[in-house]
Amino acid sequence: MTKISILGCGWLGLPLAKALLTNGFSVKGSTTSDEKLVTLKNAGIAPFLIALSENKTSGNLTEFLENSEILIIDVPPKLRGSGTENFVSKIRNIIPFIEKSSVEKVLFISSTSVYNDDEIFVTEETIPKPDTESGKQLLETELLLQNNSHFKTTVLRFGGLISEDRHPVKFLAGREDLDNPDAPINLIHQEDCIGIILKIIETDSWNETFNAVAPSHPSREMYYTQKAIDLNLALPKFNSEQNSGGKIILSARLEKVLNYTFTKPNL
């Protein structure tokens, strides 16, 4: 039985852990919340209280990684608002623990924010030129892990994350003067996030980089207006004068290499 450790059992990590258990894997999961330890344990996940900071790590990382073949890192940078954490340092601090452990393969959950809007169509061949602090630190972390010869690293760059209970239209409903009405959406459903990760493990696809975005790219105005109608929400209003275009993230390589078919292609 392959043992997998998931660093970060949040919105994606927890349902992913449950899916891995269903597929016969043994799973350890980390959280920063005492209350969530019980949730993990009740789900059949071996629970660990682990917190990362720029200067140190707290919790038993050695035991968390012990006997695991695969480590999934699903810890998003906290760089919005006044946050100025050094995400790269947080991940760099755990690398010595990984090197000393049984972990042979690392899956790093990254983001399409490593790309800017210079290109209309973006593939894995597109050179990342992040223009946000989050994107810059994610790209640096990708390279930090991929350049380490102690383990194989696959980087998975997700677009905007959505699910039935998490959808950006709920924050846009009723708002006015929204920009970029013609920009294409680059979103991915939670079900596909999990399905793709399972495929990477199943096909042993390591030392890879994949973009992961649903193949449907209507404009922001078209998509969010229709979603608001579907959910009986106040319609968002866009300003056509504030339109700087946007990029389309292509995931054709993922579909080909992993032989993956999106379950939620139209979101």
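The values are calculated or read from the model by the stated rules, or taken from the named source; none is laboratory data. Values in this document were obtained by computation on a predicted structure and should not be read as measured data. Positions of Cβ are generated from backbone atoms using ideal geometry, with glycine treated the same way; all protein chains shown enter the neighbour counts. Each accessible area value is taken on the protein alone, full model and side chains, heavy atoms only, with ligands, DNA and RNA left out. Shrake-Rupley method; radii C 1.70, N 1.55, O 1.52, S 1.80 Å.
When residue 140 is tested against (1) surrounded by 20 or more Cβ atoms within 10 Å (Cβ to Cβ); (2) within 16 Å of the chain's Cα centre (by Cα); (3) more than 18 Å from residue 9 (Cα to Cα); (4) not aliphatic (A, V, I, L, M), just one condition goes unmet, and that condition is (1). Does residue 264 satisfy the criteria of being surrounded by 15 or more Cβ atoms within 10 Å (Cβ to Cβ) and either part of a helix (DSSP H, G or I) or in contact with a Pro (Cβ under 6 Å, 6 or more places away or on another chain) (or both)? No; evaluated as a whole, the condition is false for this residue.
Only a single criterion out of (1) farther than 22 Å from residue 116 by Cβ; (2) among the small types (Gly, Ala, Ser); (3) surrounded by 20 or more Cβ atoms within 10 Å (Cβ to Cβ) is not satisfied by residue 159, namely (1). For the stretch 100-110, does any single residue satisfy the condition of being of a type in the set (Gly, Ala, Ser), surrounded by 18 or more Cβ atoms within 10 Å (Cβ to Cβ) and in contact with a strand residue (DSSP E or B) (Cβ under 9 Å, 6 or more places away or on another chain)? Yes, the stretch 100-110 contains at least one residue that is of a type in the set (Gly, Ala, Ser), surrounded by 18 or more Cβ atoms within 10 Å (Cβ to Cβ) and in contact with a strand residue (DSSP E or B) (Cβ under 9 Å, 6 or more places away or on another chain).
Go through the stretch 173-201 and give me each residue that's assigned to a loop (DSSP other than H, G, I, E, B) and within 19 Å of the chain's Cα centre (by Cα). Listed by number, the residues that qualify are 185, 186.
The set of residues from the stretch 236-245 being in contact (Cβ under 8 Å) with a residue 40 or more places away in the chain, at negative phi and surrounded by fewer than 17 Cβ atoms within 10 Å (Cβ to Cβ) comprises 237, 239, 240, 242, 243, 244. Looking at the structure I just gave you, is residue 250 open to solvent by less than 70 Å² (accessible area, probe 1.4 Å), at pLDDT below 95 and under 19 Å from the mean Cα position of the chain (by Cα)? Considered against the rule, which asks whether it is open to solvent by less than 70 Å² (accessible area, probe 1.4 Å), at pLDDT below 95 and under 19 Å from the mean Cα position of the chain (by Cα), residue 250 comes out as no. Could you list, ordered by first residue, the pairs with Cβ atoms under 8 Å in which the first is in the stretch 185-208 and under 19 Å from residue 103 (Cα atoms) and the second is modelled with pLDDT under 95, at least 6 apart or interchain? Cβ pairs passing all conditions: 201/2. A residue that is acidic (Asp, Glu), over 24 Å from residue 128 (Cβ atoms) and open to solvent by 20 Å² or more (accessible area, probe 1.4 Å) cannot be found anywhere in the stretch 178-185.
For the condition surrounded by fewer than 19 Cβ atoms within 10 Å (Cβ to Cβ), at pLDDT 95 or above and closer than 30 Å to residue 70 by Cβ, residue 153 does not qualify. Residues in the stretch 57-114 that are part of a loop (DSSP other than H, G, I, E, B) and among the acidic types (Asp, Glu): 66, 69, 74, 85, 104. Hey, among the residues in the stretch 202-227 that are open to solvent by 20 Å² or more (accessible area, probe 1.4 Å) and more than 20 Å from residue 264 (Cβ to Cβ), which one's nearest to the chain's Cα centre (by Cα)? Only one residue tops the list, namely 209. Note on the stretch 2-56: among residues that are of a type in the set (Phe, Trp, Tyr) and closer than 17 Å to residue 71 by Cβ, the one that is surrounded by the fewest Cβ atoms within 10 Å (Cβ to Cβ) is 25.
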